[in-house]
Each structure stands twice: as C-alpha cells, then as structure tokens.
Amino acid sequence: MSENSNPLTAPPTQTDTGEAFGVYVHWPFCLSKCPYCDFNSHVRHGGIDEARFLRAFETEIAATAARVPGRTVSTIFFGGGTPSLMAPTTVAAILDAIGKHWAIASDVEVTLEANPTSVEATRFRGFRAAGVNRVSLGVQALDDTALKELGRLHTAQEALDAVAIARANFERYSFDLIYARPRQSPAAWRVELLRAIDEAAEHLSLYQLTIEQDTPFFALHAAGKLIVPDDDTARALYDMTQEITAARGLPAYEISNHARPGAACRHNLVYWRYHEYAGIGPGAHGRLVVDGRRRATATERRPEAWLSRVEADGHGLVTDDPLLRSEQADEFLLMGLRLAEGIDPRRYAALAGHPLEEQRIAALGGEGLIETVDGRLRVTRAGFPLLDAVVADLAA
Ligand SMILES: C[S@@+](CC[C@H](N)C(=O)[O-])C[C@H]1O[C@@H](n2cnc3c(N)ncnc32)[C@H](O)[C@@H]1O
Ligand code: SF4
C-alpha cells in the first residue's frame, strides 16, 4: 500500500467523532517505576520476550473482533507503561492485526505514549512509518530538581529535546505535566506553564499530583516526609492553570486536558463521550456492545499471567459483565461531565429510562456548580473542583 492510500500512514484529518469506536492497547513495561505512579506498569530487568507478547496481542485482538465484528476503528491508543519502549515493528504488527480484523477509518487517530528517556529520532521515524500519527510525551516537569524528586530518569533539557523530536516527526503531539508538586508556588508554576505553552502545539495534559495508595509517595506523605500544597494553594494553582491556558488558546476541554479548537485527543473523547472501545493487553478495560448489550470488560493485570491466559484461552478477560441501564447512565454522567461540552440530558434519559431530576439540577444550578447551555448540561468552572460531589448528587 502506498503511504497515502493506507489510512494508518496517511496524514490525519480532524472530524467529529460521531459514533466512534476506539481500540486501547496497553504496554505494561517501564524502565523504572516512578514513585507517584499507580498505573499497571512493571520493570523487568531480565528483559521481555516481545515477540511472544506480540503474538498474544494479535490473539486478543482477533478474539475481541470476533465478539464485536464489523466496527470501523476511529482511534487507536498505545498507553502504558511506556509504549515507546516497544520496537516500531511491534507497533506496526499490532496495527496490522487491528486492520486485519476491523475496518480502519480514513482519518484514524493513532496515539502512542512516550517517555522522554526512550525517544530517539530513528525510533520516532519508525513509529511514524508504522502508522502512529500522534504522540503524547510524559514530560512531567520543566525543572530538574522536581524531575529528580518525581523519580524521573530525564532532565528538563532531555524532555525538551524529546518534544523537538516529536515536533519534527508528528503533526500532532501533546505532552503531560504534573503540577501541585511539593513546595511548588503559584509564581513558579506560572513560569513553568508559560514555558510549556511555548513548546506545545495543539494539546497539553496538565495533571495535579495525586497521592495514590500503595505508592512510595503515599508512604512518604503518610510519614509527613512529602508535603504537597494545601487545598487553597492547589485551588489557586488550578485556577491559574485554567486562566493562563484559556488566554493562550489552549482552554480545558476536560478537567486536565487542554487543546486548541478541534485538537482534542479523539481517543480520550471516546471514553468521555461514552462511546464503544476495546481494551487489549494486560489490565486493559473495554466497553463493548455485544448482542445489543453494553458490557464492561477488563483483562488480567499481571503481564506474565495475562500472557499465559491468552496463550491458554485465546483472551485475557477476567471481567466481562453486562451493565444495567442505571450503571450505564451513571457511567455516562461520570465521564461526560468531565468535559467542558458537558452532556446531552436526553442521552442520560435514554440510558437510564428516566430523566435527571429537575429539582437537583435546579439546586446545583442555584449554587453555580452546573449550567444548561444550548440544551447541554455542563459543570461550571466553580463546579469542576467539586465534580465528584456534583455527579454523586445528580446520579443519586
Ligand atoms: C501512564 S503515564 C504515560 C507516560 C509515560 N509512561 C511517562 O511517564 O512518560 C500517563 C501520565 O499520567 C500522569 N500521572 C501518573 N501518575 C500520576 C499521579 N500520581 N498524579 C498525577 N499525574 C500522574 C503522568 O503525567 C503521566 O505522564
Ligand atoms: S509515570 Fe510513566 S514511566 Fe513512570 S512508572 Fe508510570 S507509566 Fe511508567
């Protein structure tokens, strides 16, 4: 196939997702484990049998496609872990397997998460040739002391070099930063954020540091050895982030994700708009419509156990549950209200079998936490920091 006729290598175009179908592929390995991270990521000093994992990915893709045939894939996301540690030929083979079992949209978005420590120009050219057309880089901070404290193996300059390589190879790239870090002042974050915006193209993910259970940061925090900004400072950092990004043309389209108009990550929109997606690889989650019924799926988390299961059973599923209407409606609300565009209340009513309660909407609206604009219900700037409580109230 020539470069332009192959939808996996042709330049991406921007369209609305419509009824999208996404494929998430999880690569569960990293060079080292960051002390704040509770993702399903593992270090294997003895190396990984990548060819064996590839065969298992191909097997699981075939099994999933047999359950939900006839879909057209609009987005593919290689997440991790650190998928940039995969050989470009492995990525190409996984994309081939997806294209063998499902149709691929002509404007398919194919994102790969990359850690700056595993970014080299040749590798990135290989990912591009394989069909990846968007990368998301884990920069985390533009400050060497902070990077060390976060346990990162790269410096700020190395991260910026990786951004330059991404820019040279991909029309679409994004990078992640973590803020509300220990001792981070609003003034310091302002400087760092402005620098990041200068380096960004169309998309930035800006996450507040979360102290996750069972991580080294959790233990340090519990022992009083890791002090994170108090609630007021965190709120000030959040407000500043919203103001600066909006003023610079990268407003939040989701709590932690910022993009120029039309440049949102379409794969993540599949989750937040509650469309259908397949989860492939260890610990991947999916939402599949099988025989007209939406199901929640999840695979075995432990990489080697997942591998054995796929080799023995042809898939790694450990959860495959039909969802009740009420569960679907709650999930739709939980995901959709993260978005600045909010939700269509009619879709909630169709899923739940009853509309949202007018009185609750009026009460939360009266508190300035939600609003209805052009028939869509959305959370206000003041409501976003209280999102969980707002959703719980609406769904109750
Ligand atoms: C699965 S990681 C993928 C990127 C790649 N592995 C890396 O670290 O460069 C996705 C992102 O989640 C964010 N993240 C992970 N743990 C976090 C935490 N405890 N608090 C805030 N953000 C976190 C980081 O910004 C990270 O880039
Ligand atoms: S933040 Fe990224 S590199 Fe660090 S352990 Fe998590 S997935 Fe791996």
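The values are calculated or read from the model by the stated rules, or taken from the named source; none is laboratory data. A quick note: this is a predicted structure, and the numbers were derived from the prediction, not measured. Counting neighbours? That spans all protein chains shown, and the Cβs are built from the backbone with ideal geometry, glycine included. SASA here: full protein model, heavy atoms, side chains in, ligands and nucleic acids out. Shrake-Rupley method; radii C 1.70, N 1.55, O 1.52, S 1.80 Å.
Screening G286 with (1) among the small types (G, A, S); (2) under 24 Å from S41 (Cβ atoms); (3) part of a helix (DSSP H, G or I) gives one miss only, at (3).
A quick yes/no check of all residues on (1) more than 16 Å from ligand 1 (Cβ to nearest atom); (2) over 23 Å from G292 (Cα atoms); (3) assigned to a strand (DSSP E or B); (4) not aliphatic (A, V, I, L, M):
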residue	(1), (2), (3), (4)
P35	no, yes, no, yes
D38	no, yes, no, yes
G47	yes, yes, no, yes
R52	yes, yes, no, yes
A56	yes, yes, no, no
I61	yes, no, no, no
A65	yes, no, no, no
P69	yes, no, no, yes
T75	yes, no, yes, yes
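A quick yes/no check of all residues on (1) open to solvent by 40 Å² or more (accessible area, probe 1.4 Å); (2) of a type in the set (K, R):
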position: V108; (1), (2): no, no
position: A114; (1), (2): no, no
position: E120; (1), (2): yes, no
position: R128; (1), (2): yes, yes
position: V132; (1), (2): no, no
position: L150; (1), (2): no, no
position: Q157; (1), (2): yes, no
position: R167; (1), (2): yes, yes
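Can you say whether G138 is open to solvent by less than 50 Å² (accessible area, probe 1.4 Å) and at positive phi, as far as the supplied structure shows? For G138, the condition - open to solvent by less than 50 Å² (accessible area, probe 1.4 Å) and at positive phi - is not met. Yes or no: R338 basic (K, R) and either open to solvent by less than 30 Å² (accessible area, probe 1.4 Å) or within 30 Å of R378 (Cβ to Cβ) (or both)? Answer is yes for this residue. Quick check on my filter: what residues within the range 205-222 are open to solvent by less than 20 Å² (accessible area, probe 1.4 Å) and either β-branched (V, I, T) or away from ligand 1 (no atom under 11 Å from the Cβ) (or both)? The answer is T215, and nothing else. Residue pairs whose Cβ atoms lie under 7 Å apart, separated by 6 or more positions or on different chains, with the first residue in the range 134-158 and under 15 Å from L193 (Cα atoms) and assigned to a loop (DSSP other than H, G, I, E, B) and the second among the β-branched types (V, I, T) and within 12 Å of ligand 1 (Cβ to nearest atom), are A141/I178.
Out of curiosity, is A103 open to solvent by 10 Å² or more (accessible area, probe 1.4 Å), more than 20 Å from P28 (Cα to Cα) and of a type in the set (G, A, S)? Criteria met by A103.
Conditions (1) open to solvent by less than 30 Å² (accessible area, probe 1.4 Å); (2) within 15 Å of ligand 2 (Cβ to nearest atom); (3) among the polar types (S, T, N, Q); (4) at negative phi, marked per residue:
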residue: F29; (1), (2), (3), (4): yes, yes, no, yes
residue: C34; (1), (2), (3), (4): yes, yes, no, yes
residue: D38; (1), (2), (3), (4): no, yes, no, yes
residue: D49; (1), (2), (3), (4): no, no, no, yes
residue: F57; (1), (2), (3), (4): yes, no, no, yes
residue: R67; (1), (2), (3), (4): no, no, no, yes
residue: R71; (1), (2), (3), (4): no, no, no, yes
residue: S74; (1), (2), (3), (4): yes, no, yes, yes
residue: G80; (1), (2), (3), (4): yes, yes, no, yes
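The selection criterion, being away from ligand 1 (no atom under 14 Å from the Cβ), open to solvent by less than 50 Å² (accessible area, probe 1.4 Å) and closer than 25 Å to Q184 by Cα, holds for Y253.
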